[in-house]
Amino acid sequence: MTTLIKSLNDIKKAINISKRDIGFVPTMGALHDGHISLIKACKQECKTTFVSIFVNPKQFSPGEDFDKYPRDFEADLKICKELNVDYIFSPDVSEIYPEKVSEEIVTPPTALTEMLCGLSRKDFFPGVATVVKKLLEIVTPDYAYFGEKDLQQLFVIRWLVKEYKIPTFIRACPIVREKNGLACSSRNRYLNEDKKKLASHIHKSLEMARRDVRSGIFTASKAALESLVYLSQFPDIKVEYLESRSKENLEKVTDGRTKGFYFLVAARVGNVRLIDNIEV
Ligand code: PAF
């Protein structure tokens, strides 16, 4: 049975009677196959599964898509019920950010944020770190599940649990893709079929880069450049960055490397911002 919880009080009660290990999948709803894979991984490993559905206003800057962000609570509920999620935690904004309490924003280190998505989305990582810290403190999970598509976010969350000594193991789950290779994302709902087809070239460009490095044709930075050239043939794809970064700490990779790093990309298809990455 899936129980819907809105308040902090009720979630405390639920946690008290829950069998551990407790597993937690934080989401902003508009659930897709990527989320489903996280929930399945959680169910496999843990005795009790909590899923949160909370569109966190703090991780959107003015002018971003907070108001338009896809919301489909009924469909999300159905998915969670089908997957036998034990508890859905879907608080109101005031429950997470009570107005009277002065808000402490968690600021991740600039070494993790002054690059890639952090350059164009100033509020994103502080907003994510702030809400994930709160959610982990509320749910007290033994394990929490995040997708590797949001790779920089994953680094920030690993930093967060270490910094604040939060006793939750972070599990990273592989990117789930649509048939044409496009990484699953709630924002794919903004794309029609033609735009999805176009967007699939983003993943293709990453595969190209990886192939070129693995076969020894190009260094990492030359391969990234070639992929940028490839994407430039599609005027409706506007690349924000396409970079090679280390597996250890997302530092820029030196060109001697032929493995142990990622290519990461952010690009707009029309006005829809998409991210993806591939491990080399
Ligand atoms: O990845 C997401 O959906 C969100 O950034 C998260 C981790 C649920 C925090 O709001």
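The values are calculated or read from the model by the stated rules, or taken from the named source; none is laboratory data. Please read all numbers here as calculations on a predicted model, not as lab measurements. Glycine gets a Cβ as well: all are built from the backbone with ideal geometry, and neighbour counts include every protein chain shown. Areas reflect the complete protein model, heavy atoms only, side chains present, ligands, DNA and RNA absent. Shrake-Rupley method; radii C 1.70, N 1.55, O 1.52, S 1.80 Å.
Brief remarks on what is shown
- Global form of segment 1-53, assessed from the alpha-carbon gyration tensor, a/c cut-off 1.5: oblate
- What segment 114-176 shows is 40 Å² of accessible area per residue, with the surface traced by a 1.4 Å probe over protein heavy atoms.
- About its Cα centre, the dipole of segment 1-141 is roughly 460 debye, where the only charges are +1 on Lys and Arg Cβ and -1 on Asp and Glu Cβ.
- Cα gyration tensor shape of segment 165-280, rounded if a/c is under 1.5, else prolate or oblate by comparing a/b with b/c: oblate
- With both labels modelled 7 Å from their Cα along Cα-to-Cβ, the residue 248 to residue 193 distance reads 4.8 nm.
- A Förster radius of 30 Å combined with the Cβ-Cβ distance from residue 74 to residue 169 puts the calculated FRET efficiency at roughly 0.40.
- Extension gain, residue 119 to residue 67: 0.36 nm times the residue separation minus the Cα-Cα distance gives 16.5 nm.
- Average Cα contact separation per residue, segment 1-120, under 8 Å, 6 or more apart, as relative contact order %: 35 percent
- For the peptides 109-115, 134-140, 61-67, 48-54, the ranking by mean Cβ contacts within 10 Å, running from highest to lowest, is 48-54, 134-140, 109-115, 61-67.
- Once both labels are positioned 7 Å from their Cα atoms along Cα-to-Cβ, the gap between residue 180 and residue 3 label points is 4.4 nm.
- The chain - share of DSSP beta bridges that are antiparallel (%, nearest 5): 50 percent
- Over the chain, Cα pairs under 8 Å with separation of 6+ residues give a relative contact order of 17 percent.
- Averaging the Cα positions of each part gives two centres, and for segment 24-92 and segment 180-212 these lie 22 Å apart.
- The stretch between residue 239 and residue 259, if pulled fully straight at 0.36 nm per residue, gains 4.8 nm over its current Cα-Cα span.
- Here the gap between residue 230 and residue 81, fully extended at 0.36 nm per residue and compared with their Cα-Cα distance, gives a gain of 49.4 nm.
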